[in-house]
Amino acid sequence: MKTREIKFRDYDCDNKRLRHFDLDSYDRQEHDAWGNIMQFTGLKDKLGIDIYEGDVVKSAYGNNKDVVTFKQGSFFCFGEPMGFQEDDHMLVESNPQDYAIIIGNIYENPELLTN
């Protein structure tokens, strides 16, 4: 069974940049200050870029845009769980490598959600 790499990022509001970290380099005072920690989904988009919670993605098949969110114990995009999810004893697969392209994130590119 494949294990998911656990890594995070946050947005440093003072310096206007994303900072990547893992659990070994986590500093609660530093990273919790902004309250915007985003977890890596373990998945990549159509271009091979790591997908994080808070990323704004565009469908490769149209102009639909959505934000990657974490709810109900899963990462979601376009109303569907991402990756392999067990749903009522069935395995549901949604592979963002087939349909999603990251176009930004909610902190650096909030304007993407209004267009």
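The values are calculated or read from the model by the stated rules, or taken from the named source; none is laboratory data. Model, not experiment: these values are computed from the prediction. Please note: Cβ atoms are built from the backbone with ideal geometry, for glycine as well, and neighbour counts cover all protein chains shown.
Are any residues in the range 82-104 closer than 29 Å to residue 12 by Cα and modelled with pLDDT under 85, and if so, which ones?
Listed by number, the residues that qualify are 82, 83, 96, 97.
Might you check whether a residue that is surrounded by 19 or more Cβ atoms within 10 Å (Cβ to Cβ), more than 20 Å from residue 6 (Cβ to Cβ), of a type in the set (Lys, Arg) and modelled with pLDDT of 90 or more occurs anywhere in the range 61-81?
No: the range 61-81 contains no residue that is surrounded by 19 or more Cβ atoms within 10 Å (Cβ to Cβ), more than 20 Å from residue 6 (Cβ to Cβ), of a type in the set (Lys, Arg) and modelled with pLDDT of 90 or more.
What pairs come up if the first residue lies in the range 7-24 and is farther than 10 Å from residue 107 by Cβ, the second is assigned to a loop (DSSP other than H, G, I, E, B) and modelled with pLDDT of 90 or more, and their beta carbons are under 7 Å apart, counting only those six or more places apart or on different chains?
Within 7 Å, the pairs are 20/7; 22/7.
Regarding residue 107, is this residue modelled with pLDDT under 80, over 19 Å from residue 5 (Cβ atoms) and buried (at least 16 other Cβ atoms within 10 Å of the Cβ)?
So residue 107 fails the test.
How many residues does the range 49-73 hold that are in contact (Cβ under 8 Å) with a residue 24 or more places away in the chain and not in a strand (DSSP E or B)?
Looking only at that region, the number is 5.
Among residues belonging to the range 49-60 that are at pLDDT 90 or above and not hydrophobic (A, V, I, L, M, F, W, C), point out the one that is surrounded by the fewest Cβ atoms within 10 Å (Cβ to Cβ).
It comes out as 50.
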